[in-house]
Amino acid sequence: LTVVMGLSFSGSVFAQKKGGAKAKEEAALIEAQKQEADRQEALAHQRKIVEQSARQTLQLKEWPVYLTLESGKGKTETDTLTFTAEGQVSAKNLSVKGYSASNVRVTAQDDGSAVWETMQVDKDKNLVFLRGVLKGNEMSGSFFMKPVKGEPVTYLYTTIAPAASEPEEPPKKKGKK
């Protein structure tokens, strides 16, 4: 009887130790999940702050942009982007072509930049998708023009003025000697 009781007691101590290790594992897992939830909440809060800051920065001024065809062909064109307090964006040259201002979505990125996106439609149902990446006080992005008829065209833009290229020297005329 003593041997059986001893075995029973040592078996329950072993079970408690084993259960204690499992309880510690579960507690550590719960703590890790709590820490991850706190980290995610802090990231969401930080993104919200970045998005609000980006909206304010965008609304502070008109943004002159320098557009070039994605293919690199053609001359650099200029346009002006304007963001309103109501959360809309318009491009001066697109407005002249019949595209109206549209709501803009701003999304914070992990690197502290903010991405804004929108789509505009003209009266003929031609589309343009506008996208920009705001880093500090500089912006770059694209205008993807998708006409009802014809081929789509992509323009890339930046708020940094392109460097003036050196004018080519005209070829010298060969004169008679």
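A simple rule links phi to the HN-Hα coupling: the Karplus curve 6.51 cos²θ - 1.76 cosθ + 1.60 with θ = phi - 60°, which for segment 56-63 gives 5, 4, 4, 7, 5, 7, 7, 10 Hz, with x for Gly and Pro.
Placing a label point 7 Å from the Cα of residue 163 along the Cα-to-Cβ direction, none of the residues of segment 101-136 has a backbone N under 16 Å of that point.
Applying the criteria of a DSSP loop state and at most 12 other Cβ atoms within 10 Å to the trypsin sites (Lys or Arg not before Pro) of segment 123-165 yields 123, 125, 149.
Would you mind checking the pairs 123/149; 48/92; 48/125 and listing those with alpha carbons more than 22 angstrom apart? With Cα atoms farther than 22 Å apart: 48/92; 48/125.
Computed from backbone phi, the HN-Hα couplings of segment 94-101 come to 5, 4, 4, 7, x, 8, 9, 4 Hz, rounded to whole numbers (Karplus: 6.51 cos²θ - 1.76 cosθ + 1.60, θ = phi - 60°; Gly and Pro given as x).
Apolar share of the accessible surface for segment 62-105: 48 percent from carbon plus sulfur atoms, 1.4 Å probe. Segment residue 85..residue 21, full-extension length gain: 17.3 nm, with 0.36 nm per residue of separation and the alpha-carbon distance subtracted.
On a full-extension model of 0.36 nm per residue, what is the gain between residue 32 and residue 45, subtracting their alpha-carbon distance, rounded to one decimal in nm?
Once the chain is fully extended between residue 32 and residue 45, it gains 2.7 nm.
The values are calculated or read from the model by the stated rules, or taken from the named source; none is laboratory data. Just so it is clear, the structure is predicted and the values come from calculations on it, not from any experiment. Note that we place each Cβ from the backbone using ideal geometry, even for glycine, and neighbour counts take in every protein chain shown. The area values use the complete protein model at the heavy-atom level, side chains included, leaving out ligands, DNA and RNA. Shrake-Rupley method; radii C 1.70, N 1.55, O 1.52, S 1.80 Å.
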